[in-house]
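Reading through the structure tokens given below for one structure.
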2 protein chains.
Amino acid sequence: MGGGRPRDTGVEERVVAVAREMLREGGYARFAVDQVADRAGVAKTTVYRRWPSRDHLVVAAVATFLDDVAIEETGDLRADLVRIAAAIAAGLGQPGIRLLVSELIAAGARQPDLAASVYQLWARRRAASLDLFAAAVGQGEQADDVDPGLILDQIIGAVYYRALITGDPVDDDYLKRLVSAALAGAGVSSGGLA
Amino acid sequence: MGGGRPRDTGVEERVVAVAREMLREGGYARFAVDQVADRAGVAKTTVYRRWPSRDHLVVAAVATFLDDVAIEETGDLRADLVRIAAAIAAGLGQPGIRLLVSELIAAGARQPDLAASVYQLWARRRAASLDLFAAAVGQGEQADDVDPGLILDQIIGAVYYRALITGDPVDDDYLKRLVSAALAGAGVSSGGLA
DNA sequence: TCCATTTCGCTACGCGAGTAGCGTAACAGA
DNA sequence: TCTGTTACGCTACTCGCGTAGCGAAATGGA
């Protein structure tokens, strides 16, 4: 049996590239599959043959530009944690990003087969943050019986919670208190106060 | 100048009641404004004259049945916190509720004028949780120099974070460790270990 | 009674998501 | 070259959100 017409391998790349641009230009709200298809020089049906829904395409596009943001490590665990939390808070402070993040979360809830892909998006950044703890342990900056995951959950979770759910402000003072409390709760000695 | 035709005051009540039913039956996904209007015996345009979007109506409907769930206070701060966190985790474990919560969050991000209303939904439950701390202080169970809001953020935030964003499991063991860490971070004496 | 005003119901429309079906193009193998 | 198979483009469709415009109903005031 013959192999049939081969898939145009350029389609994935072109469509995702256009999708990324459209996300940058108009955000999630103005992201229209028809327009993506047009600008990519592809039929809408062809798009839907690879990504079963608009959200699938959005997730695929976001996955390609989430790696751009790097985390700076200074070696000072507490300071690094504050910086990471501040970066997240700053991002969620922008309406466009807040909308995109919210929609990505909702996308995972709307379509179960997308959940894993969405979790994967945050997992990368979380893994990078966890590295900070390993480095801190290596430098004897802290004991190794603490649970880095738990500490991160408390810090990052609180930031997302306030920014997305309660709407409370997330300023620098709050972040310092938050990180201090989370570290103290895990028994990490207070390297340096506020 | 004459007063014009008076508004049918029964419309608000009837429409919200039907909306609540439809949410219970089919969740957020199957919630259609047309059907709500039909079942309420009202024209779709009339619905849109009061609630400018589907999300506005959903928020109005959710606001009427969120008060049903009460929080049980036993007087044991730690146990109560674990129970509250477990209740939230259990709720978010249900696909329908997880979707609804996600969509409500996204609704606030989509339409700025809805954000305040959505925050208000969670604010009531948060206020009830904060009361636990006041009671605990009254009973001398803890010092009064702790920041209840910060502790709640760490606990509730972590639960939402794991359930909605990272997708990590939220089991009982995790919750106990979480509450213990949050309380310890605030300097609350460990009333009882795991 | 006549008029201005406001609400209501209805029809029709535009838009974007997602689907179905058809003809055609691009292959592999006989 | 002929056949089977798969991908592509295109048209047309359904569905739900949200809007525009019209005539009728329900009021208060002249």
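Here the 3J(HN,Hα) profile of segment A:97-103, calculated from phi with Karplus coefficients 6.51, -1.76 and 1.60 at θ = phi - 60°, is 5, 4, 5, 4, 4, 4, 5 Hz, Gly and Pro shown as x.
Using a 1.4 angstrom probe on heavy atoms only, work out the carbon and sulfur share of the accessible area of segment A:77-185 in %. Reported share for carbon and sulfur atoms: 56 percent. Ranked from shortest, the separations from the 7 Å Cα-to-Cβ label point of residue B:131 to its equivalents in the other copies are 4.8 nm. Go through B:115, A:139, A:157 and say which Cα lies farthest out towards the positive end of the charge dipole of the protein assembly as shown; charges sit on Cβ, +1 for Lys and Arg, -1 for Asp and Glu. It is B:115.
To the nearest 20 Debye, how big is the dipole of the protein assembly as shown about its Cα centre, given +1 on the beta carbon of each Lys and Arg and -1 on that of each Asp and Glu?
Values: 42 positive and 52 negative charges, 408 e Å.
So the dipole magnitude of the protein assembly as shown works out to roughly 1960 debye.
When Rg and the Kirkwood Rh are both derived from Cα coordinates, the Rg/Rh ratio for the protein assembly as shown amounts to 1.02.
What dipole magnitude, in Debye to the nearest 20, does segment A:77-185 give about its Cα centre under +1 on Lys/Arg Cβ and -1 on Asp/Glu Cβ? Don't skip to the end; give the middle numbers.
Numbers: 10 positive and 13 negative charges, 69 e Å.
Value, rounded to 20: 320 debye.
For the chain pair A and B, the interface hides roughly 3100 square angstrom of accessible area in total, found with a 1.4 Å probe. Take residue B:29, move 7 Å from Cα toward the beta carbon, and the resulting point lies 2.7 nm from the same point in each other copy, nearest first. Kindly list the residues of segment B:1-43 that lie in the label zone of residue B:50, defined by a backbone N under 12 Å from the point 7 Å along the Cα-to-C-beta vector. Label zone hits: B:7-20, B:37, B:40-43.
Across peptide A:97-105, the average count of Cβ atoms from other chains found within 10 Å of a residue's Cβ is 5.
Could you put B:80, B:145 in order of accessible surface area, largest first, with the 1.4 Å probe and the full protein assembly present? Could you put the intermediate results ahead of the total?
Numbers: B:80 5, B:145 125 Å².
Order by accessible area, largest first: B:145, B:80.
The alpha-carbon atoms of segment A:30-139, seen along their principal axes, cover 55, 26, 26 angstrom, with the largest extent given first. For chain B, a Kirkwood hydrodynamic radius built from all Cα pairs, placed in the Stokes-Einstein relation at 37 °C and 0.692 mPa s, yields a translational diffusion coefficient of 174 µm²/s. In the context of the full set of protein chains, segment B:45-194 has a per residue accessible area of 43 Å² (1.4 Å probe). Could you state the number of Å between the C-alpha centres of segment B:118-133 and segment B:38-112? If we compute the Cα centre of each part, the gap is 13 Å. Listed by chain and number, the aspartates and glutamates whose C-alpha is less than 18 Å from the C-alpha of residue A:44, apart from same-chain residues fewer than 8 away, are A:8, A:12, A:13, A:21, A:34, A:55.
Rg over Rh of segment A:77-185, using C-alpha atoms and the Kirkwood radius, what does it come to?
Values: Rg = 14.8 Å, Rh = 14.9 Å.
Using Cα coordinates only, the ratio equals 1.00.
Counting Cβ atoms of other protein chains within 10 Å of each residue's Cβ and taking the mean over peptide B:173-181 gives 3.
Sorted from shortest to longest, the distances between the residue A:64 label points of this copy and the other copies are 4.6 nm, with each point 7 Å from Cα along the line through the beta carbon.
The values are calculated or read from the model by the stated rules, or taken from the named source; none is laboratory data. For clarity, every value in this text was computed on a predicted model and none was experimentally measured. Positions of Cβ are backbone-derived with ideal geometry, glycine not excepted, and every protein chain shown enters the neighbour counts. For accessibility, only protein heavy atoms count, side chains too; no ligands or nucleic acids. Shrake-Rupley method; radii C 1.70, N 1.55, O 1.52, S 1.80 Å.
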